[in-house]
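Structure, as structure tokens:
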Amino acid sequence: MTTCENCKRFFPLEDNPEKGDCVQRVVDPRQAYYKSKPVNAGDDAVSCSSFQKK
Amino acid sequence: MAKAAIADRSVKEFEEKQEWWWAAEKKRSSRLDYLRKAIWKKGAIGGLYAPGVKTDLERAVLQTQKARELEFSPDPYVIKFAKMLAHVLDNKSIFITDHAQLVGYTGSLPHTIAWDPSCASILNEEVYNDPTAIPDPAEKSQQIIRDVNNYWIGKSDLDKMMPIFDMEDLMKMLSGSIGWGVPLARGGYSSKDYEYIMTGKRAFQAIIDELSQKIDEADEQTHAPGATPDTTRMYDKINNWEAMKITLEAGIRIAKRYARLAGIMAEHFEEDTIRREELLKIAETCERVPAYPPRTLQESLQYDIFIQMMSRTEAIEGAWPSRPDYYHGPYYNKDVNIDKSLTKEEAIDLLGEFLIRAAEVCQFKPKWSREGLQGIDGTWVWTIGGVDKDGRDACNDMTIALMQAARLVRVANPTFGFRWHPKVKDEVMREIFECLRQGLGYPNLRHDPILIANTMHWYGHPIEEARLWCNQACLSPCPPTKHGFQPMRMANATANCAKIIEYVMTNGYDPVVNMQVGAETGDVTSFKNFEEFFEAWEKQMKTIFSILVRAVNRARTLAPNLTPRPYLSALSERSIESGMDTLTPSLERGNAWITAFTWVENIDSLAAVKKLVFEDKKYTMAELKNAIDKNWEGYEQMRLDFVRNAPKWGNDDNYVDDIMVRCLKAAAKFSKELKCPSGNNWPILPENVSGNIHYANIVGALPNGRRLGDALYDGGISPGPGLDKKGPTAVLKSCGKINHITDGRAFLLNQRLSPSQLAGEKGYQLWKAYMRTWADLELDHIQFNVVDDSTLRAAQKDPEKYQEVIVRVAGYSAHFVDISRKTQDNIIQRTVQGLG
């Protein structure tokens with residue numbers, strides 16, 4: 001199954017690799033930024049449009 | 001303007017043409033230029049959010065998810081609420097903008113408007129029905145909003161409180177005719193106990209440690225032999241302390257999430273070495289604050305942003321009480337002047353960004369609120385200058401640097417309120433003047449000795465605390481101290497005062513909303529003399545004020561249990577000490593006030609009735625009532641008589657000025673009969689924000705010659721636009737007849753000055769002389785628009801070219817292009833005063 005831990009954008013927590021952050025670069029009409037959202041390593045990423053295989 | 005055209009022209013050229021916004025763009029650093037242009041403008045334009053700005057569904061979903069999970073938990077509500085807040089902070093998306101050195105935002109992404117679904121179902125319905133702000137794809141978003149809204153029906157703060165209110169008062173208030181806002185503890189203006197949390201003595205971890213100790217001691221006490229009422233109360237205290245602790249721990253965790261993101265960016269994405277260092281600095285800063293007290297200017301500013309961001313996650317805050325130069329100034333001084341770890345330019349970059357971070361903040365607000373605050377999200381009137389607790393001049397290098405940064409970034413929100421006192425140095429006055437001359441519309445000027453005395457007079461704040469005051473909202477001073485600070489000022493204690501005189505004419509019946517709102521004071525045509533007329537006016541004034549105050553008092557009394565604020569409590573010494581929610585009225589000294597919108601219409605109307613009906617007997621009261629009932633239609637000549645031939649406020653004319661003073665004294669006397677739940681007074685504070693436009697279609701025809709639909713006066717004690725014909729000194733003299741200490745809480749005065757007259761050293765000296773008169777007459781407030789008619793008219797014709805022109809509306813500033821045409825016209829109509 002494709003899960004978050006297989007994604008380049010997943011950054012696991014050092015003390016708990018089962019959890020981590022999905023970090024993405026976003027460029028909107030006014031500014032560019034990096035955003036981060038907590039995810040679990042085992043979350044289903046099949047339908048994630050941002051998934052990038054490691 | 002095209003980029004090439006800007007590049008080809010010099011700063012000097014722009015300044016000579018008074019195109020200050022282009023000059024600022026050329027003068028500011030590339031970082032500030034990027035960040036300033038990166039702002040998603042959140043202030044509503046004509047009541048609607050700007051294109052591209054979207055409601056943030058993420059937070060609403062997270063909060064609802066946790067609420068559902070906890071619904072059947074045995075936790076008391078305050079702990080459930082704290083857990084919901086923690087869940088949002090732990091799971092919301094966060095971001096770091098390119099070039100930024102400071103982080104933190106209320107929404108999940110830069111273009112989003114934070115939406116708190118737990119405040120009011122009527123607000124949630126507005127979210128659903130505001131198609132311009134619903135994120136794409138709309139159908140999916142609407143499904144999410146429906147789901148969230150369905151959950152909160154009957155559970156939101158207002159839904160819980162409404163059935164417990166006096167229904168008659170509630171219906172009158174919700175008619176929208178006399179008040180503005182709802183009595184909600186998590187939806188108003190919230191100050192903080194800055195003396196507790198901003199003086200570098202403690203930060204979150206120290207408070208958590210103290211809370212843990214209190215909980216342990218209380219736990220021990222409750223299990224010791226014996227049982228008294230104190231033991232029983234201790235259980236509630238333990239719950240409150242636990243809830244406070246949960247929120248502070250979540251506050252530290254979200255800061256660490258920012259630290260981690262900055263670290264990931266530095267390690268994995270950033271190739272530029274300088275930027276990598278900046279990101280590592282952000283990481284270090286967010287590891288440090290808010291857990292521990294700041295050590296540097298960057299940490300101090302970041303600490304403040306975190307405090308505000310979290311507070312604005314806990315509640316909808318419509319104002320931003322703050323005194324940045326006082327609390328951050330020591331760090332500025334240390335970094336710039338002592339350690340020299342920052343150059344002045346680097347410090348100004350940080351301060352400019354600090355203003356930008358505040359300018360972006362937005363929380364979803366109802367349309368009536370957006371109409372009343374056109375162009376901005378809330379009144380972020382930051383207080384600068386003033387004195388310290390010992391009465392010494394508190395201006396410092398950061399006071400000056402903030403004003404310089406403001407001229408570079410030119411945001412319309414936050415603005416500054418400057419506490420003027422006789423010891424303010426000339427170099428500071430010149431900075432203020434420069435901000436005004438460059439058309440910012442701020443700082444406004446506040447008479448510090450008068451306002452300190454006023455603060456002591458109305459509430460009995462001790463002088464050492466009164467001297468620390470900062471604006472609770474636009475204009476009302478409040479000490480940010482243990483018992484002085486006001487955890488919530490509810491906006492619905494805002495009276496649409498033009499209704500007072502309108503109801504005298506209609507026997508209290510409101511013809512616009514078709515209900516009996518005011519008192520039944522009798523058929524106006526039966527009044528034999530002005531005294532009877534004035535007596536009816538007083539009764540209507542008391543009736544309207546009482547309806548609004550009763551609702552606030554009720555809500556404030558219910559708030560600690562029904563709608564607690566554990567996070568704000570955790571930042572309040574009085575709550576840490578007592579274990580009670582900070583909204584508990586008995587913990588607060590009291591600092592309530594009634595904002596008096598559309599006040600001066602009463603004065604001009606009373607003067608017109610006194611002169612033309614009762615004294616000159618030119619018209620009978622029956623003729624006047626008939627003309628007003630018909631909205632003056634068919635009576636234009638008579639209407640013009642009431643406009644032109646009755647005395648008008650603001651011309652140093654005792655006939656009408658005495659009426660102003662009499663009305664204010666009547667209101668002041670009644671203010672002491674009204675009491676807040678803390679047992680203190682309810683003085684009035686005349687000002688308008690953009691209420692004069694919002695209420696244009698709600699206030700009927702008036703005896704001052706105004707018709708239904710006409711813009712009302714711009715507010716406070718400002719004379720009607722174009723009606724002050726005797727020059728600027730006459731305006732000041734009229735206002736000087738009011739006792740600014742005992743006649744009310746504060747009095748807004750708008751003045752327009754000519755930019756060409758303020759040019760050069762001569763302009764400064766003219767303004768300074770004018771300000772001396774203002775100070776000598778002991779007026780508490782004044783604010784200026786210094787933009788000429790030709791620029792404003794050009795901006796109306798070609799708004800794209802004048803996007804950055806700022807005007808002072810009333811109590812706040814806005815970009816001219818973001819306010820409605822009616823408000824724009826109203827500003828242009830204000831008399832341009834010639835000095836000298």
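Before moving on, here are some points about what is shown:
- Assuming charge only on the beta carbon of Lys and Arg (+1) and of Asp and Glu (-1), the dipole of chain A about its Cα centre is about 380 debye to the nearest 20.
- Computed [θ] at 222 nm, helices only, for the protein assembly as shown once each DSSP H run of length n ≥ 4 contributes -39500 (n - 2.57): -14000 deg cm²/dmol
- Backbone HN-Hα couplings from phi across the range B:128-143 [Karplus 6.51/-1.76/1.60, Hz, Gly and Pro as x]: 5, 9, 10, x, 5, 10, 6, x, 7, x, 4, 4, 5, 5, 4, 5
- Under a model in which nothing but the beta-carbon of Lys, Arg (+1) and Asp, Glu (-1) is charged, the range B:21-94 shows a dipole of about 580 debye around its Cα centre.
- For the range B:138-178, taking Cα atoms only, Rg and Dmax work out to 14.4, 39 Å respectively.
- Available extension along the chain between B:Ser29 and B:Lys669 is 225.1 nm, counting 0.36 nm per residue and deducting the alpha carbon span.
- Charge dipole (the protein assembly as shown, unit charges on Cβ, about Cα centre) - positive-most of B:Gln63, B:Ile544, B:Asn688: B:Asn688
- Beta bridges from DSSP with both residues in the protein assembly as shown: antiparallel share about 55 percent, rounded to the nearest 5.
- Comparing A:Pro12, A:Pro38, A:Pro29 in a Gaussian network model of chain A (Cα springs below 10 Å), the most mobile by mean-square fluctuation is A:Pro29.
- Per residue of peptide A:32-45, the mean number of Cβ atoms on other chains within 10 Å of the residue Cβ is 5.
- Proportion of all alpha-carbon pairs of the range B:405-463 beyond 17 Å (%): 48 percent
- For the range B:41-197, the relative contact order is 24 percent, taking Cα pairs closer than 8 Å that sit 6 or more residues apart in sequence and dividing their mean separation by the residue count.
- Here the range B:696-721 is scanned for amide nitrogen atoms under 20 Å from the site 7 Å beyond the Cα of B:Glu636 along Cα-to-Cβ, giving B:701-711.
- In chain B, Cα pairs under 8 Å separated by at least six residues give a relative contact order of 15 percent.
- By the compact-protein rule of thumb, 2.2 N^0.38 Å, the alpha-carbon radius of gyration of chain B corresponds to a ratio of 0.93.
- Backbone amide hydrogens, once placed in the peptide plane, bring A:Val39 within less than 5 Å of A:Gly20, A:Asp21, A:Cys22, excluding anything fewer than 5 places away on its chain.
- Take every pair of alpha-carbon atoms less than 8 Å apart whose residues are at least six positions apart; their mean separation over the length of the range B:386-534 yields a relative contact order of 16 percent.
- Whole-angstrom gap from the range B:226-269 to the range B:528-570, using each part's C-alpha centre: 35 Å
- Cα-centre dipole for chain B with unit charges at Cβ (Lys and Arg positive, Asp and Glu negative), debye to 20: 1040 debye
- Calculated from backbone phi, Karplus (6.51, -1.76, 1.60) coupling profile of the range B:81-86 in Hz, x at Gly/Pro: 4, 4, 5, 4, 4, 4
- Checking the Cα-Cα distances for B:Lys92/B:Lys140; B:Lys499/B:Lys610; A:Lys53/B:Lys66; B:Lys237/B:Lys389; B:Lys340/B:Lys389 against a 25 Å cut-off, the pairs over it are A:Lys53/B:Lys66; B:Lys237/B:Lys389; B:Lys340/B:Lys389.
- Residue-wise HN-Hα coupling along the range B:495-501, computed from phi with Karplus coefficients 6.51, -1.76, 1.60 (Hz; x: Gly, Pro): 9, 7, 5, 4, 5, 4, 6
- The fewest-to-most ranking of B:His815, B:His111 by surrounding Cβ atoms within 10 Å reads B:His111, B:His815.
- Residues whose amide H lies under 5 Å from that of B:Leu708, counting only those 5 or more places away or on a different chain, are B:Ala701; hydrogens are built 1.01 Å from N in the peptide plane.
- Volume in Å³ per residue [convex hull over Cα atoms, computed for chain A]: 75 Å³
- Using bins of 20 Å that start at zero, the share of Cα-Cα pairs per bin across the protein assembly as shown amounts to 15, 48, 31, 6, 0, in whole %.
- Close amide H partners of B:Val387, meaning residues 5 or more places away or on another chain with modelled amide H under 5 Å apart, are B:Ala394.
Here, each number is a calculation from the coordinates, and none is a lab measurement. Everything numeric in this text was worked out from a predicted model, so none of it was measured. Every residue, glycine among them, receives a Cβ derived from its backbone with ideal geometry; neighbour counts consider all protein chains shown.
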